[in-house]
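The values are calculated or read from the model by the stated rules, or taken from the named source; none is laboratory data. Since we're looking at a predicted model, the values are computed, not measured. As a convention, Cβ positions derive from the backbone with ideal geometry for all residues, glycine included, and neighbour counts pool all protein chains shown.
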């Protein structure tokens, strides 16, 4: 497994890569990075695929501009340009949380580039809260970021995201979560992203209304105990809005089924990817 940088639309984007074969892109959630997918990257590579976990613009080791036109359209362009630069014509997208929203936008805007979707506890199926929108307000946004980065707050938020935090919420995960919210570069990017939230929301951009256009095979994976995007409020809604989507609910899992139940998650993923190969 190795990391490298690619330049897309003038921005330096970091990817974590392993394996050879059909291309699979893995997209992380908010305040995350490609490192969150490291075990899955290795597993997907062992299945016979070229797996690439991408640090989204504004996150991880990718560029963190404060003046970028953050939008679903820009994110979709970045991912499709990565596919093209990789020499592939299509890729399967695996998106977790925020990454699921980005994957959906890419599939709607560039369906010819996407041969399959795996959405894990995906964002995009809830209305934006006042607190979310307030993240871009002067003074209020920086205050929210400062509060969110406090160790106790990071622990509280991540504890709620796991069904069994005592077992799965490691010091490494806590530290990565806090590091994503501190430092001038991170705060500049997150503030800019929040100010342009309307351009990164599936509903407000009109892209959610177009989910019925999707024709590629889609797998939805949710933890039965997800408190961030509950399966009852989001997973079943996603299944009803995306044609032919298959929903798998994993027991004893919260918002991170790929971490809390990696063997079961990877088993479900293996079957889905094999099915895509059979459709070629």
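Odds and ends about this structure:
- Looking only at region 226-266, residues that are in a helix (DSSP H, G or I) and in contact with a strand residue (DSSP E or B) (Cβ under 9 Å, 6 or more places away or on another chain) come to 11 in all.
- Considering only residues in region 11-60 that are free of Cβ contacts under 8 Å to residues at least 40 places away in the same chain and either within 29 Å of residue 148 (Cβ to Cβ) or within 15 Å of the chain's Cα centre (by Cα) (or both), the one that is surrounded by the fewest Cβ atoms within 10 Å (Cβ to Cβ) turns out to be 38.
- Filter pass, residue 183 being more than 18 Å from the chain's Cα centre (by Cα), at positive phi and at pLDDT below 90: yes
- Residue match in region 70-90 (condition: outside any helix (DSSP H, G or I), within 29 Å of residue 169 (Cα to Cα) and either in contact with a strand residue (DSSP E or B) (Cβ under 9 Å, 6 or more places away or on another chain) or touching a residue at least 12 places away in the same chain (Cβ under 8 Å) (or both)): no
- Breaking point among (1) more than 19 Å from the chain's Cα centre (by Cα); (2) under 26 Å from residue 276 (Cβ atoms), for residue 7: (2)
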